[in-house]
1. For the condition open to solvent by 60 Å² or more (accessible area, probe 1.4 Å) and either closer than 30 Å to Gly133 by Cα or at pLDDT 95 or above (or both), what is the one hit in Asp405, Asp448, Asp471?
2. Restricting to segment 25-43, name every residue that is within 13 Å of the ligand (Cβ to nearest atom), surrounded by fewer than 24 Cβ atoms within 10 Å (Cβ to Cβ) and not in a loop (DSSP other than H, G, I, E, B).
3. Looking at segment 47-61, is at least one residue buried (at least 20 other Cβ atoms within 10 Å of the Cβ), in a helix (DSSP H, G or I), more than 16 Å from the ligand (Cβ to nearest atom) and not acidic (Asp, Glu)?
4. Only one of His186, His121, His180 is under 30 Å from Val418 (Cα atoms) and in contact with a strand residue (DSSP E or B) (Cβ under 7 Å, 6 or more places away or on another chain). Can you tell me which?
5. How about segment 241-276: which of its residues are on the phi > 0 side of the Ramachandran plot and either within 16 Å of the ligand (Cβ to nearest atom) or touching a Gly at 6+ places or on another chain (Cβ under 8 Å) (or both)?
6. Which pairs turn up if I take residues in segment 39-56 that are among the β-branched types (Val, Ile, Thr) and look for partners that are assigned to a helix (DSSP H, G or I) with beta carbon separation below 6 Å, at least 6 apart in sequence or on another chain?
7. Do you know which residues across segment 1-24 are under 31 Å from the mean Cα position of the chain (by Cα) and open to solvent by 60 Å² or more (accessible area, probe 1.4 Å)?
8. Part of a helix (DSSP H, G or I), near the ligand (Cβ under 9 Å from one of its atoms), within 31 Å of the chain's Cα centre (by Cα) and surrounded by 20 or more Cβ atoms within 10 Å (Cβ to Cβ): is that true of Val83 in this structure?
Amino acid sequence: TTAQIGVTGLAVMGRNLARNFARNGYAVALHNRTAARTHDLVAEFGEEGVFVPTETAKEFVAALERPRRLVVMVKAGDPTDAVIQEFAPLLEPGDMIIDGGNAHFADTRRRERELREQGIHFVGAGVSGGEEGALRGPSIMPGGSEESYAALGPMLEKISAKAEDGAPCVTHVGPDGAGHFVKMVHNGIEYADMQLIAEAYHLLRDVAGYSPAQIADIFRTWNTGRLDSYLIEITAEVLSHVDAATGKPFVDVVQDRAEQKGTGRWTVQIALDLGVPVSGIAEAVFARAVSGHAELREASRELAGPSARPLDDAAAAAFADQVEQALYASKIVSYTQGFQQIAAGSEEYGWDIDLGAVASIWRGGCIIRAAFLDRIRAAYDTRPDLPGLLSDGDFAREIGEAQDDWRAVLVQATRQGVPAPGFSAALAYYDALRSARLPAALTQGQRDFFGAHTYRRVDREGSFHTLWGGDRSEVEA
Ligand code: NDP
């Protein structure tokens, strides 16, 4: 049999993606550095479709119909380069290598350029949804050439998640590294969403005094409204879970040190380079870092805090409603910032990314899937040149309605000494955007004072410098 697609790298993600292709009627060639994984897959799931197990790179390439479609699902970084070096010499012009791993978009740009010289299409494709998504339908964010998408798109559309309106959660994001860039920002937004939810939990627990089981119920209620999302849903599951060994809430027996694999950090690093304030994502990455500083936290435990007055029952219920407002408002801000970063990346690299299409393919399959994304899609579809989500009438109105409660939540958090870096960074961004005048004018004055960096005036064109060390007269620079 010749296979229509091949998958190399058959750990959890590759194995499930291969099964997904097979279940959708495609003949799938299989390959893995360690052949045992290949044979295990066929032994366990061979009934699900047509698999062509192979042991060597040569056999694998020979099993594929032309132009070849070769999906690489190995550990990101050097292993991806090793696999490309192994396969590229065996391929012909027109063949496609699809990297579904979590590659850095700069690596994808480099690989795409190198392989293009050989006439090979390199498609960096972000895949979100974890193992379950890979099997039942992920959200897929492919970059690469238009030509490669023409040959690949229909297959990806078939295996991808479908949004509620039936639209496949895949689109050609843009050339070269555009897909992996968008996947990176997706993960950054995921960090921010998780942090905001964690802050809501922390406040409901330590300010309002609710138990994890009660908070799970609150999240379940929220999940029937505008916060309806996969992450809220699983949060309720985690919070209501009871540890079998101790009978305690599961959240109380897990060490409170959050780990990370790095895509959130990349998002922030790149945002710094692009000059895009993704403060919500940054606070999420930093909050994980703070949690991991065990010694510092231990040494700081005795630092003075406020004398907290826990809320009574009636106040707690009202507070919970306010937290919902704060969470929703902060979420609008982190998506505003994330989409801002995609727009900036698109501009910098000439990708011409359709932001509405990105929101659309995140509606299903991926970790941040949510009803909310349909609204973002609609906002960008109505106005593709929207300066930012906060300029959309509906979002502006909603965040305006939430802002009093949002502030009230942060007042309580501050009073009772519960950190809410995501909520407060989001509010600071909101207030900065609304401000008619920012203190940046003073910053410019300071820069001009110590470094003659010059400034612009509100009333005249040109750059100016004040002779600070002299008679303080102004000169045109
Ligand atoms: P891993 O990231 O754990 O990678 C294991 C696979 O990589 C195995 O098939 C392994 O082969 C292969 N491999 C490692 N080094 C080499 C090498 N030098 N040469 C050839 N093959 C090598 O697997 P996952 O399935 O978790 O993830 C695959 C990719 O998907 C990663 O890039 C990951 O970031 C990304 N991803 C993962 C998600 C998840 O939820 N896990 C979600 C979305 C993306 P061998 O069996 O021989 O060791």
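1. Step by step, each of Asp405, Asp448, Asp471 is checked, and only Asp471 is open to solvent by 60 Å² or more (accessible area, probe 1.4 Å) and either closer than 30 Å to Gly133 by Cα or at pLDDT 95 or above (or both).
2. Ala35, Ala36, Arg37, His39, Asp40
3. No, segment 47-61 has no match at all.
4. So the residue among His186, His121, His180 that is under 30 Å from Val418 (Cα atoms) and in contact with a strand residue (DSSP E or B) (Cβ under 7 Å, 6 or more places away or on another chain) is His186.
5. Of everything in segment 241-276, just one residue is on the phi > 0 side of the Ramachandran plot and either within 16 Å of the ligand (Cβ to nearest atom) or touching a Gly at 6+ places or on another chain (Cβ under 8 Å) (or both), namely Gly262.
6. Between residues of segment 39-56 that are among the β-branched types (Val, Ile, Thr) and residues that are assigned to a helix (DSSP H, G or I), the close pairs are Thr54/Phe60.
7. Selection gives Val12, Arg23.
8. When the stated conditions are applied, Val83 passes them.
The values are calculated or read from the model by the stated rules, or taken from the named source; none is laboratory data. If you're wondering where the values come from, they're calculated on a predicted model, not measured in any experiment. Virtual Cβ from ideal backbone geometry, glycine too; neighbours counted across all protein chains shown. Just the protein is used for accessible areas: all its heavy atoms, side chains included, with ligands, DNA and RNA removed. Shrake-Rupley method; radii C 1.70, N 1.55, O 1.52, S 1.80 Å.
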